[in-house]
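This report refers to the structure that appears directly beneath it.
The values are calculated or read from the model by the stated rules, or taken from the named source; none is laboratory data. Just so it is clear, the structure is predicted and the values come from calculations on it, not from any experiment. For neighbour counting, all protein chains shown are included, and Cβ atoms are generated from backbone atoms with ideal geometry for every residue, glycine included. We work out accessible area using only protein heavy atoms, side chains counted, and drop any ligands, DNA or RNA first. Shrake-Rupley method; radii C 1.70, N 1.55, O 1.52, S 1.80 Å.
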Amino acid sequence: MKKAKQIEKIFSRPSRPGMVGDGFRVYNYFPNGYAIREKLSPFLMLDFGPAFDFGPSDHPRGVDVHPHKGFETVTIAYKGSVEHYDSAGNSGVINPGDVQWMTAGSGILHKEFHEKEFSKNGGPFEMIQLWVNLPKKDKLTKPHYQSLVSAEINKVKLQDNGGEVNIIAGNFNGTKGSANTFTELNVLDIRLNKNGTLTTDIPNEHNTAILVVEGNIEVNGQNANEHNFILFKNDGETINIKANEKSVLLLLSGVPINEPIAQYGPFVMNTQQELQETFMEYQSGKFGVLN
Ligand code: MN
């Protein structure tokens, strides 16, 4: 028998949401608010926008042209649809259950908006954006996307009609995830029915956390409520979850990238000098053009 993974702390939802552009009303679980990030490498940021109805609009709400460099952005749509465009000419729509895994790598310009038809009608909009760091050797990799469509994301059904796990990345109990990653990590979209249970082992050396997107669970003997964020210690492997009601969870874990972080907003490099070079590239138009 492996040891139960010990819980470091269960955090409440941050007290106030912030706006990213005019379309993303999000609670920033880290890095702002709590000193969680240091314990969650390779994850750099978690913004969670719980279901919110912005109402109908003839101009799609969102965030206009901005750059990213040196890491990956992972957008998970739960309700409503996101449309994106980038400086390499790519565009697409992320619908409920879909995931967009964008490797910004050496640098990209993009914009992210509510999808046009969705905007016209309004309705609940719920999403997560997760930032995943790249190791130094891969920071300048060519920008690219993995568009993971809901139906194609690898899934595991849980016993006794307990629910299912969408394995966005990594693996779950031996089944491989859909996204390719640069470092060893797991991103699991877990959907539990009432009284559904889940047991999994995650290595000691993985930094590990669970966000309760919806519902209410018991995890390794402790209760966690809707929008709570459970941070584990690097002590023990086994995670036992029981859903007290129908629940949606996001499980994150990964081997830490033990390299220095130099960050300014959407640029995440290793040194101040690299950040300065990045500014110069950005200002001189090396990230391309997007209107
Ligand atoms: Mn962005």
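What the table shows:
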| item | result |
| --- | --- |
| Residue in the range 233-240 that is surrounded by 21 or more Cβ atoms within 10 Å (Cβ to Cβ) and touching a Phe, Trp or Tyr at 6+ places or on another chain (Cβ under 7 Å) present | no |
| Residues of the range 150-173 classified as over 18 Å from residue 74 (Cα atoms), in a loop (DSSP other than H, G, I, E, B) and open to solvent by less than 70 Å² (accessible area, probe 1.4 Å), total | 2 |
| Every pair of residues 6+ apart whose Cβ atoms lie under 7 Å, when the first sits in the range 268-285 and is within 16 Å of residue 134 (Cα to Cα) while the second is part of a helix (DSSP H, G or I) and open to solvent by less than 60 Å² (accessible area, probe 1.4 Å) | 269/275; 269/278 |
| Neighbours by Cβ (under 9 Å, 6+ apart or cross-chain): first from the range 85-110, closer than 18 Å to residue 268 by Cβ and more than 14 Å from the ligand (Cβ to nearest atom); second part of a loop (DSSP other than H, G, I, E, B) and of a type in the set (A, V, I, L, M, F, W, C) | 106/140 |
| Answer residue from the range 127-149, given it is under 26 Å from residue 28 (Cα atoms), more than 15 Å from the ligand (Cβ to nearest atom) and hydrophobic (A, V, I, L, M, F, W, C) and is surrounded by the most Cβ atoms within 10 Å (Cβ to Cβ) among those | 134 |
| Hits in the range 104-126 (condition: among the hydrophobic types (A, V, I, L, M, F, W, C) and open to solvent by less than 20 Å² (accessible area, probe 1.4 Å)) | 104, 108, 109, 125 |
| Sole exception among (1) touching a residue at least 12 places away in the same chain (Cβ under 8 Å); (2) away from the ligand (no atom under 13 Å from the Cβ); (3) surrounded by fewer than 16 Cβ atoms within 10 Å (Cβ to Cβ) for residue 65, by number | (2) |
| Residue check, residue 15 part of a loop (DSSP other than H, G, I, E, B), in contact (Cβ under 8 Å) with a residue 24 or more places away in the chain and open to solvent by 20 Å² or more (accessible area, probe 1.4 Å) | no |
| Residue in the range 211-225 that is touching a Phe, Trp or Tyr at 6+ places or on another chain (Cβ under 9 Å), open to solvent by 20 Å² or more (accessible area, probe 1.4 Å) and assigned to a strand (DSSP E or B) present | yes |
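Rundown of residues vs (1) among the β-branched types (Val, Ile, Thr); (2) part of a strand (DSSP E or B); (3) within 16 Å of the ligand (Cβ to nearest atom); (4) at pLDDT below 95, yes/no style:
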{"position": "239", "(1), (2), (3), (4)": "yes, yes, no, no"}
{"position": "242", "(1), (2), (3), (4)": "no, yes, no, no"}
{"position": "253", "(1), (2), (3), (4)": "no, yes, no, no"}
{"position": "257", "(1), (2), (3), (4)": "yes, no, no, no"}
{"position": "268", "(1), (2), (3), (4)": "yes, yes, yes, no"}
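A quick yes/no check of all residues on (1) touching a His at 6+ places or on another chain (Cβ under 9 Å); (2) within 16 Å of the ligand (Cβ to nearest atom); (3) at pLDDT 95 or above:
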residue	(1), (2), (3)
36	no, no, no
46	no, yes, yes
55	no, no, yes
71	no, yes, yes
76	no, yes, yes
